[in-house]
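Worksheet: one structure, shown below.
The values are calculated or read from the model by the stated rules, or taken from the named source; none is laboratory data. What you see is a predicted model, and the numbers here were worked out from it, not measured in a lab. Here the Cβ positions follow ideal geometry from the backbone for every residue, glycine too, while neighbour counts run over all protein chains shown. Side chains included, ligands, DNA and RNA excluded: accessible areas come from the protein's heavy atoms. Shrake-Rupley method; radii C 1.70, N 1.55, O 1.52, S 1.80 Å.
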Amino acid sequence: MNKTKFIVITSINPPTDAVRAFAQWSDWQTVVVGDRKSPAVWQSDNVVYLSVHDQLAQFPEFSALLPENTYVRKMLGYLYAFQHGATAIFESDDDNIPYADAHATVEQDIAGSRQDAPMLASNSGWVNIYQTFGAPDCWPRGYPLPLVKETATQTATSSNNPWSVLQYLADEDPDVDAIY
């Protein structure tokens, strides 16, 4: 494998339309992280599938620390990408079918991501990025509930970051937790 850009998805489903669409991004490697509820046989063209067995074999110590049947297993997909020389990681879900222009948009955003950008911080170290996108009463799945009302502050403007994080929101179907 010589691709350095990765799409990481978790799924308990057979290959979905979204997974197949992302797998068509020719210069990206799609990685699907399965779980105990995933089908025993899972295969899709242009996709690396990490079964629970694969996860334990490739990342035994870390995999054993992560609870099964939870979203946090996606971190094993990140580790896989890092091990294989990732220069960019795009995260999505198996039910978020990308728009027709998504590939070009992501590529353009990655190319421009090293520009000056505001840096956010909070007293707790956690930032609810949804507030920045105009959704002050919403939070990402897994965000610590006691911090939901905490607001982030802009600490500085960075210049030429050696790294960046790009965040996109799911259109009309945000991935929120059951409490929300």
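The residues listed here are 26, 38, 124, 44; of these, the one that is of a type in the set (S, T, N, Q) and crowded, with 18+ Cβ neighbours inside 10 Å is 38. Here residue 12 meets the list (1) surrounded by fewer than 19 Cβ atoms within 10 Å (Cβ to Cβ); (2) among the hydrophobic types (A, V, I, L, M, F, W, C); (3) assigned to a helix (DSSP H, G or I) almost entirely, failing just condition (3). For segment 29-41, the count of residues that are in contact with a Lys or Arg (Cβ under 6 Å, 6 or more places away or on another chain) and closer than 18 Å to residue 2 by Cα is nonzero.
List every residue pair whose Cβ atoms lie under 8 Å apart, where the two residues are 6 or more positions apart in sequence or sit on different chains, the first residue falls within segment 41-55 and is within 14 Å of residue 21 (Cα to Cα), and the second residue, located anywhere, is basic (Lys, Arg) and surrounded by 15 or more Cβ atoms within 10 Å (Cβ to Cβ). Final answer for the pair search is 44/20; 45/20. Considering only residues of segment 136-147 that are surrounded by 15 or more Cβ atoms within 10 Å (Cβ to Cβ) and part of a loop (DSSP other than H, G, I, E, B), which is modelled with the lowest pLDDT? Applying the filter and picking the extreme gives 140.
Do the conditions hold for residue 151, that is, is it in contact (Cβ under 8 Å) with a residue 24 or more places away in the chain, in a loop (DSSP other than H, G, I, E, B) and more than 21 Å from residue 11 (Cβ to Cβ)? Judged against the criteria, residue 151 is a match.
What residue, among those in segment 97-120 that are modelled with pLDDT of 90 or more and assigned to a loop (DSSP other than H, G, I, E, B), is surrounded by the most Cβ atoms within 10 Å (Cβ to Cβ)? This residue is 98. Mind checking which residues of segment 72-87 are assigned to a helix (DSSP H, G or I) and open to solvent by less than 70 Å² (accessible area, probe 1.4 Å)? Of everything in segment 72-87, those that are assigned to a helix (DSSP H, G or I) and open to solvent by less than 70 Å² (accessible area, probe 1.4 Å) turn out to be 72, 73, 74, 76, 77, 78, 79, 80, 81. Considered as a group, the residues in segment 148-180 that are at pLDDT 65 or above and of a type in the set (Phe, Trp, Tyr) include one that is surrounded by the fewest Cβ atoms within 10 Å (Cβ to Cβ), and that residue is 180.
Residue 90 meets all of the listed conditions (1) part of a strand (DSSP E or B); (2) of a type outside the set (Ser, Thr, Tyr); (3) open to solvent by less than 20 Å² (accessible area, probe 1.4 Å); (4) out of contact with any Ser or Thr (no Cβ under 8 Å at 6 or more places or on another chain) but one, namely (3).
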